[in-house]
């Protein structure tokens, strides 16, 4: 049985000491990918250290340069690019840490290189895990940037797959989330234009659609942001009239914590209860429509790849 495996992301310290399973953990931005060499996913070895994985003929990359240098034809890859979690995309050094798009497309190269993939295909899971980790501390700008990076990864994967399967006749791509958060958009806002280095856009102060020249004011006569949270660590516990007025420069800072209606401990903003996006394209995509229970999504994916 031939199996191609690609695991890339963060978590080097944890993995140096103990790699609990191929299936990865929250420390892996790109969790796991395997070639479907049989109708059932094969049992995978329980490697415990990076050294063990190297001994089992895994190519190892610990930087973007090393990842780029992985030879064509590699069918086993382990990439760990940070001691803990991958950096937020806004903090990432692109010369050191690959983007989620770069990791995903490299994983496809590895998975596509095996003989089995030509007839049995492969399974690839890509997780933009840092979106969630920016939302819990209500770091709006970092969350949206990581969402943008994930969107770019989706586009890169589609382009990569279509290079060999232009009409996706043999490929199913599914994009979804496991939950939402309490991030909310204040209504009646003026259109801000694209967020750039010099224009906060949606991340700036709220401006009313009928008075876009100046920031909107709350009942205390103070400016506020378009994006807020239902709960989070930054709640003004006195009259907002007593606080220093917010400015676009302050709220556009990448480390600014959006204000919340209910105060909770730092980093403890909760998940929300809303429906999340589910999109699919390619072979079997017509089964992903309407409003589905989350467990139905699993069943549809499982059926699509021939698992019982």
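Quick note: the coordinates plus some simple rules give every number you see, no bench work behind them. All values reported here derive from a predicted model rather than from experimental measurement. Backbone-built Cβ (ideal geometry, glycine too); neighbour counts: all protein chains shown.
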Rounded Å value of the spacing that divides the Cα centres of region 64-113 and region 160-217: 26 Å
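Any idea what diffusion coefficient region 173-234 gets from Stokes-Einstein, in µm²/s, Kirkwood Rh on alpha carbon pairs, 37 °C, 0.692 mPa s?
Details: Rh = 13.4 Å.
Diffusion coefficient, whole number: 246 µm²/s.
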Extension reserve of the residue 69-residue 292 stretch, reckoned as 0.36 nm per residue once the Cα distance is removed: 76.1 nm
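What number, rounded to the nearest 500 deg cm²/dmol, is the helix-based mean residue ellipticity at 222 nm of the chain, given -39500 (n - 2.57) per DSSP H run of at least four residues and division by all its residues?
The helix contribution divided over the chain gives -7500 deg cm²/dmol.
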Ascending count of other beta-carbon atoms within 10 Å, so fewest first, for 154, 131: 154, 131
